[in-house]
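Participant: Have a look at this one.
The values are calculated or read from the model by the stated rules, or taken from the named source; none is laboratory data. All values derive from a computational prediction rather than experimental measurement. Glycine gets a Cβ as well: all are built from the backbone with ideal geometry, and neighbour counts include every protein chain shown. Only protein heavy atoms, including side chains, enter the accessible area calculation; ligands, DNA and RNA are left aside. Shrake-Rupley method; radii C 1.70, N 1.55, O 1.52, S 1.80 Å.
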Amino acid sequence: MTRQVLLVARSVTHHGGHDAVHRLAEAVAGALGEPVRGCFLDGAAPSLHVALDAAADADEVVLVPAHLPPDRYLDTWLRRAVAHWRQHRDRAPRIVVTAPLAGQPALVTAVVAAVAGPLTELAGNPGPFRSPAWSRITRHRRHVLVCRGPRCTAYGANEVTAALADRLAEHRLGDDDVLVTATGCLFPCDLGPLVVVHPDDVWYERVDRSTATRIADEHLRDGRPVDDRPPRG
């Protein structure tokens, strides 16, 4: 029987946390001697759906909720995301889930080992707590919100974010022109992936890479909202 293990984390807003999940997956793969991959329920790539696609030929997929402390949100959305993924496949492997890492007795051993291990004193001043650079609101013309909640992530929000970033970079539109912010759930979840442009109050529904490119070209560069959006309300 072939098996794939997926470490599933919640939203990661910085690359250090993102990389830590992947390093943990590599270390666990070395210890188990079988494939282990890190993925994310929301806010980072690869998404759980993408990881499941890659593991679809396995006989069994083991999901490990890799979040401290235990998170009922993650537990609930793991089940919903897996059920949604199954709806779009003719064949799916057996999918099981472990108890949360925070509930494993070995975590106590790990904390004890950390306390008994090498310690680094926190002394001196590593840098200012405040900085003039952090006291100025970016003089952007437009603020773009990209939903990275669990539903929008399942629908392809990671790819939308990447497409927007790539196209804005091609147009040399930086934060002083267009400030792009990844958000949690924006609530009309069934319409995702969602992209919102302020101050224009324009909501784009079911955005894919192609639409994201048009938003960057027509709206964010040329100032003309993409005109074939479905009516609101």
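Participant: Val28 is checked against (1) assigned to a helix (DSSP H, G or I); (2) over 18 Å from the mean Cα position of the chain (by Cα); (3) β-branched (Val, Ile, Thr); (4) under 28 Å from Ala162 (Cα atoms) and fails just one. What number does that condition carry?
Facilitator: It is condition (4) that Val28 fails.
Participant: A further question on this structure: Name the residue that is modelled with the highest pLDDT, counting only residues in region 1-48 that are of a type in the set (Ser, Thr, Tyr), closer than 16 Å to His67 by Cα and open to solvent by 20 Å² or more (accessible area, probe 1.4 Å). Lay out the reasoning, then the answer.
Facilitator: Residues of region 1-48 of a type in the set (Ser, Thr, Tyr): 2, 11, 13, 47.
Applying the additional criterion that residues be closer than 16 Å to His67 by Cα yields 11, 13, 47.
Filter once more, so that each one left must be open to solvent by 20 Å² or more (accessible area, probe 1.4 Å): 11, 13.
Working: Ser11: 78, Thr13: 62.
This residue is Ser11.
Participant: Give all pairs with beta carbons closer than 6 Å in which a residue from region 131-151 that is under 18 Å from Thr211 (Cα atoms) meets a residue that is among the small types (Gly, Ala, Ser) and open to solvent by 30 Å² or more (accessible area, probe 1.4 Å); count only pairs at least 6 apart in sequence or on separate chains.
Facilitator: Val146/Ala182; Arg148/Ala182
Participant: Residues that are among the aromatic types (Phe, Trp, Tyr) and either over 30 Å from Cys147 (Cα atoms) or open to solvent by 80 Å² or more (accessible area, probe 1.4 Å) (or both): does region 82-99 have at least one?
Facilitator: Looking through region 82-99, none of the residues is among the aromatic types (Phe, Trp, Tyr) and either over 30 Å from Cys147 (Cα atoms) or open to solvent by 80 Å² or more (accessible area, probe 1.4 Å) (or both).
Participant: Which of (1) touching a residue at least 24 places away in the same chain (Cβ under 8 Å); (2) on the phi > 0 side of the Ramachandran plot is the odd one out, the single condition Asp201 does not satisfy?
Facilitator: (1)
Participant: Working only within region 171-186, note down all residues that are over 21 Å from Asp42 (Cβ atoms), in contact (Cβ under 8 Å) with a residue 12 or more places away in the chain and touching a helix residue (DSSP H, G or I) at 6+ places or on another chain (Cβ under 9 Å).
Facilitator: His171, Leu173, Asp177, Val178
Participant: Residue by residue through region 121-170, note down the ones that are outside any loop (DSSP other than H, G, I, E, B), of a type in the set (Gly, Ala, Ser) and more than 19 Å from Asp222 (Cα to Cα).
Facilitator: Of everything in region 121-170, those that are outside any loop (DSSP other than H, G, I, E, B), of a type in the set (Gly, Ala, Ser) and more than 19 Å from Asp222 (Cα to Cα) turn out to be Ala133, Ala154, Ala157, Ala162.
Participant: Does Leu122 satisfy the condition of being in contact (Cβ under 8 Å) with a residue 12 or more places away in the chain, over 24 Å from Asp59 (Cβ atoms) and either in contact with a His (Cβ under 6 Å, 6 or more places away or on another chain) or not β-branched (Val, Ile, Thr) (or both)?
Facilitator: No.
Participant: With the requirement that a residue be of a type in the set (Val, Ile, Thr) and open to solvent by 100 Å² or more (accessible area, probe 1.4 Å), what does region 131-148 give you?
Facilitator: Hit for region 131-148 is Ile137, nothing else.
Participant: Please go through region 187-208 and pick out each residue that is touching a helix residue (DSSP H, G or I) at 6+ places or on another chain (Cβ under 9 Å), in a loop (DSSP other than H, G, I, E, B) and more than 23 Å from Ile137 (Cα to Cα).
Facilitator: Within region 187-208, Gly192, Pro193, Leu194, Glu205, Arg206, Val207, Asp208 qualify.
Participant: Somewhere in region 43-65, is a residue of a type outside the set (A, V, I, L, M), part of a loop (DSSP other than H, G, I, E, B) and farther than 22 Å from His18 by Cα?
Facilitator: yes
Participant: Sort out which residues of region 209-227 are open to solvent by less than 80 Å² (accessible area, probe 1.4 Å) and either aliphatic (A, V, I, L, M) or outside any helix (DSSP H, G or I) (or both), and write them in order of number.
Facilitator: Matches in region 209-227: Ala212, Ile215, Ala216, Leu220, Asp222, Gly223, Pro225, Val226.
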